[in-house]
Amino acid sequence: MNERAIRVLEFDKIREMLIHYTGSTLGRIRAGELMPATTLEEADLLQLQAEDATRRIDRKGSLSFGGIADIGESLVRLEHGGCLTAPELLRIGSILTATQRVKQYGTTGTRGEEAPQDSLTEQFELLETLPELCREINRCILSEEEIADDASAGLRSVRRKIKTANDKIHERMASILAQASQQGLLQDTLITQRDGRYCLPYKSEYKNQVSGMIHDQSASGSTSFIEPMEVVKLNNELRELAIAEQEEIQKVLAALSEMIAPQVPELRYNGQCLAELDLIFARAMFGRSIRGNRPVFTDNRTIRIIQGRHPLIPDKQVVPIDIALGVDPSMIVITGPNTGGKTVTLKTVGLFTIMAQAGLPIPAKSGTEMGFFREVYADIGDEQSIEQSLSTFSSHMTNTVRILEEAEEDSLVLFDELGAGTDPTEGAALATAILTHLHRYDIRTIATTHYAELKLFALRTEGVMNACCEFDVESLRPTYRLLMGIPGKSNAFAISQKLGLSVTIIEEAEALIGESDKNFEDVITDLEGKRRAMEEELTKAREDRRAAEAMRAEWEKKMSEIAAKREDILRKAREEARDTLEEAKAYADESIRRVRKLESHVSSADLENERRKTREKIGALEERMSEPRQQAPKPAKQHKATDFRIGDTVMVMSMNLKGTIHSLPNANGECFVTMGILQSKVHISDLAKVEEPGEDAKKGGVKLSAESKSLTIHPEINLVGLRVDEALAELDKYLDDAYLAHLPKVTVIHGRGTGALRTAVHEHCRRQKHVKGITVSPNYGSTEVEFK
């Protein structure tokens, strides 16, 4: 990507913002040198890495890359057999500590489990923590100026001797200090050092009376720092021990350097990988700060930005734009007044392209598509050069020539005020020719202009589209909204009149404009009016759709509640039916037990009376169970308000509930309906009148019941083998069912036997009111019973 586009589109400012989110020196260097990827695959991987880093931050929080220093030069020295200093070793130890922290973050989940796999997993797993080397460095080196006593046995021994020598010197110097102080020879009662040797501050007038070596003198000359002869030997021994200490320290540093040397490749990879991860997480944090999203890359050089916001404009000021550039149109001509947002649109498209290919999330809605371009060329801004004697037009044309020479099919070209700065007629002609040349080679291009000729060029040329930045003439302020498909107006006359220019002057100016130009401006005005009307209709349609969706949701909720109520009613009905059957069965069983118990002690009339009570009880229960359920009627016609009266029984169709009219319908056709404890206002179109069943309906119900029984009752019953009481109970129920089924006659098989069962059957049949008569068969084995 050419540096001019990087600078003109202000990607260098984006890099400065990105640097603030890095945590290491190497990360800051990489962020400051960030450039777009050279292949589509590489750009897509960079975006995926930033997206995966964002997910990790959302799950585990941010990752610190502090303590990662540049150790490149130190590693080169190790490769050549050099010995590292304590600060260099500390930096290597710091990188190893950071490596352990970063790898722990990347390979484990929030609860210590293995982290989910993503595009960053391999980089985290390949980090070499080298824990033994890290511990050894931290054990031996405490700071840049301090080596631990336990770094080696030799160093520990030398430092123990140094401590002993210091104690001896201090003991001897304290004695000399006390004696000299009593004699008044000292300037101050303290022990000091000069050039690493212990001295006492004597008054200069007594220096010849002291046996020792003079090492220094105060600026005023009143104090001489003298090393007493008695401690010269001890000081010499201490100096020798200090030299020995440095030798031991050097041995420790050499041993550590030798230990690190075989791990140079791993350390170099760690440094590079940590710097790369630092940049990846910085891109993710930057994306979060601008509310960015990962764009979808296309391989056909298509751009479709949805609600794109320029990242360098504050949120409270930026106006999102929608723009599409691709196969149709492959070129866009943007027109409109100055300060209307044309240049911002150009920069937004160009900057988004560079940011996307550099792996940075872009501040646009999800679903935004960005084509891949190997080069972005931008001619934006006034680059007049006094030093090179170039005017504004010459400067722009010099850049345009370079663009036309270098631009290829996979380039994106951006022109701001193409052809401006010279004679309008010639400038418009040049601009048209330049755009025609780029369009001929199918190079994606966006250009801004004030020339009407370019508006006509866009209208007449296939694959070229007009666009404009909206301007509010009433407030004299641009709205910064980009409108696709509509050429813009300069609004010079309207703006001038609003600012107070004489109407006469404006009318004279309008008279100087050709008729064709006026007609063209009128067409633009008409298009603008139609666009506004369409936008209003679209807004209203969206609002209506939202309202319809809300009503649908409310309706579905009501239907769900109704279904739940219906299921509850059915459940209760089933439970009631089951309870009724259980009650009937229990009563019948109890009656049979009573009859059997009293059979030998009571008369036949009493037994018949008990059976009659049982039949009546079971009949009442059966009638309760067989009450027809009122079904929700379907309205055969649309009712009028006059069809309803207070007290009418109706069915509320939407709720499948029966209710009573509580008030007459109003002018809107709405009335109150009482449904149990619920009272609701319902439109008459949702009501159906319910007719209460009369005598005919009830008879019809009986007839239906009888018909259903006739299909199941057999014309004869076999009582052979039953005891008298059992046979009579069976016979009694059979005769009732046969009569209800409207059978004219039935046959009772009782056998010949002793005749006791035949006699009981005959007596029982004669007592039945619905029996007309009986006929005994010739063989006395059966009896034919005829009903009335």
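The values are calculated or read from the model by the stated rules, or taken from the named source; none is laboratory data. Only a predicted model underlies this, so the values are computations on that prediction, with no experimental measurement involved. Cβ coordinates were reconstructed from backbone atoms using ideal geometry, including for glycine residues, and neighbour counts include every protein chain displayed. Note: accessible area is taken over every heavy atom of the protein model, side chains too, but ligands, DNA and RNA are not part of it. Shrake-Rupley method; radii C 1.70, N 1.55, O 1.52, S 1.80 Å.
Brief remarks follow.
- Some residue of the range 523-534 being modelled with pLDDT of 80 or more and open to solvent by 70 Å² or more (accessible area, probe 1.4 Å): no
- Flag if Ala548 is surrounded by 10 or more Cβ atoms within 10 Å (Cβ to Cβ) and modelled with pLDDT under 80: no
- The range 147-176, residues that are closer than 30 Å to Lys103 by Cα and in contact (Cβ under 8 Å) with a residue 12 or more places away in the chain: Ile147, Ala151
- Only residues that are among the small types (Gly, Ala, Ser) and within 19 Å of Ile713 (Cα to Cα) were counted across the range 733-788, and they come to 3.
- For beta carbons closer than 8 Å, sequence separation of 6+ or different chains, a first residue in the range 663-675 that is over 15 Å from Asp643 (Cβ atoms) and touching a residue at least 12 places away in the same chain (Cβ under 8 Å) and a second that is open to solvent by less than 40 Å² (accessible area, probe 1.4 Å) and of a type in the set (A, V, I, L, M, F, W, C), the qualifying pairs are Met675/Val652.
- Check on Arg15, out of contact with any Pro (no Cβ under 6 Å at 6 or more places or on another chain), under 25 Å from Glu375 (Cβ atoms) and part of a helix (DSSP H, G or I): yes
- Yes/no for Gly82 being part of a loop (DSSP other than H, G, I, E, B), small (Gly, Ala, Ser) and under 28 Å from Leu256 (Cβ atoms): yes
- Residues of the range 280-313 that turn out to be among the hydroxyl-bearing types (Ser, Thr, Tyr) and either under 26 Å from Asp118 (Cβ atoms) or open to solvent by 60 Å² or more (accessible area, probe 1.4 Å) (or both), as a count: 2
- Filter result (modelled with pLDDT of 90 or more, touching a His at 6+ places or on another chain (Cβ under 9 Å) and of a type in the set (A, V, I, L, M, F, W, C)) within the range 332-351: Leu351
- For beta carbons closer than 6 Å, sequence separation of 6+ or different chains, a first residue in the range 105-121 that is surrounded by 10 or more Cβ atoms within 10 Å (Cβ to Cβ) and a second that is part of a strand (DSSP E or B) and hydroxyl-bearing (Ser, Thr, Tyr), the qualifying pairs are Ala115/Thr108.
- Filtering the range 436-476 to residues that are among the acidic types (Asp, Glu) and outside any loop (DSSP other than H, G, I, E, B) leaves Glu453, Glu470, Asp472.
- Scanning the range 534-578 for residues being closer than 29 Å to Val652 by Cβ and of a type in the set (Asp, Glu) gives a total of 9.
- Contacts under 7 angstrom Cβ, first residue in the range 265-283 being on the phi > 0 side of the Ramachandran plot and of a type in the set (A, V, I, L, M, F, W, C), partner outside any helix (DSSP H, G or I) and modelled with pLDDT of 95 or more, 6 or more apart: none
- Selection from the range 236-249 of residues that are open to solvent by less than 80 Å² (accessible area, probe 1.4 Å) and of a type in the set (Val, Ile, Thr): Ile249
- Note on the range 343-368: residues that are within 27 Å of Thr436 (Cβ to Cβ) and open to solvent by 10 Å² or more (accessible area, probe 1.4 Å) total 3.
- Filter pass, Ser224 being more than 23 Å from Val158 (Cα to Cα), touching a residue at least 12 places away in the same chain (Cβ under 8 Å) and open to solvent by less than 40 Å² (accessible area, probe 1.4 Å): yes
- Residue within the range 3-10 that is touching a Lys or Arg at 6+ places or on another chain (Cβ under 9 Å), part of a helix (DSSP H, G or I) and either buried (at least 18 other Cβ atoms within 10 Å of the Cβ) or free of Cβ contacts under 8 Å to residues at least 24 places away in the same chain (or both) present: yes
- Filtered residue count, the range 489-520, keeping only those that are assigned to a loop (DSSP other than H, G, I, E, B) and modelled with pLDDT of 70 or more: 6
- None of Glu136, Glu128 is within 41 Å of the chain's Cα centre (by Cα), surrounded by 12 or more Cβ atoms within 10 Å (Cβ to Cβ) and in contact (Cβ under 8 Å) with a residue 60 or more places away in the chain except Glu128.
- Tally, over the range 739-788, of residues that are assigned to a loop (DSSP other than H, G, I, E, B), polar (S, T, N, Q) and open to solvent by 50 Å² or more (accessible area, probe 1.4 Å): 2
- Some residue of the range 202-209 being open to solvent by 90 Å² or more (accessible area, probe 1.4 Å) and touching a helix residue (DSSP H, G or I) at 6+ places or on another chain (Cβ under 9 Å): no
- Any hit, the range 32-54, residues being under 16 Å from Arg288 (Cβ atoms), hydroxyl-bearing (Ser, Thr, Tyr) and part of a helix (DSSP H, G or I): yes
- Considering the range 250-279, the residues that are of a type in the set (Val, Ile, Thr) and surrounded by fewer than 22 Cβ atoms within 10 Å (Cβ to Cβ) include one that is farthest from Met17 (Cα to Cα), namely Val252.
- Across the range 369-384, the number of residues qualifying as open to solvent by 40 Å² or more (accessible area, probe 1.4 Å) and either modelled with pLDDT of 90 or more or among the hydrophobic types (A, V, I, L, M, F, W, C) (or both) comes to 3.
- In the range 228-255, the residues that are assigned to a strand (DSSP E or B) reach residues that are exposed (fewer than 12 other Cβ atoms within 10 Å of the Cβ) with C-beta atoms within less than 8 angstrom, at least six apart or across chains, in these pairs: Pro228/Ser211.
- Verdict on Leu89 being surrounded by 15 or more Cβ atoms within 10 Å (Cβ to Cβ), out of contact with any Asp or Glu (no Cβ under 8 Å at 6 or more places or on another chain) and more than 17 Å from Leu26 (Cβ to Cβ): yes
- Glu51 falls short on exactly one of the conditions (1) open to solvent by 50 Å² or more (accessible area, probe 1.4 Å); (2) without any contact (Cβ under 8 Å) to a residue 60 or more places away in the chain; (3) within 30 Å of the chain's Cα centre (by Cα), and that condition is (2).
- In the set (1) at pLDDT 90 or above; (2) in contact with a Leu (Cβ under 7 Å, 6 or more places away or on another chain); (3) more than 22 Å from Ser119 (Cβ to Cβ), the condition left unmet by Cys273 is number (3).
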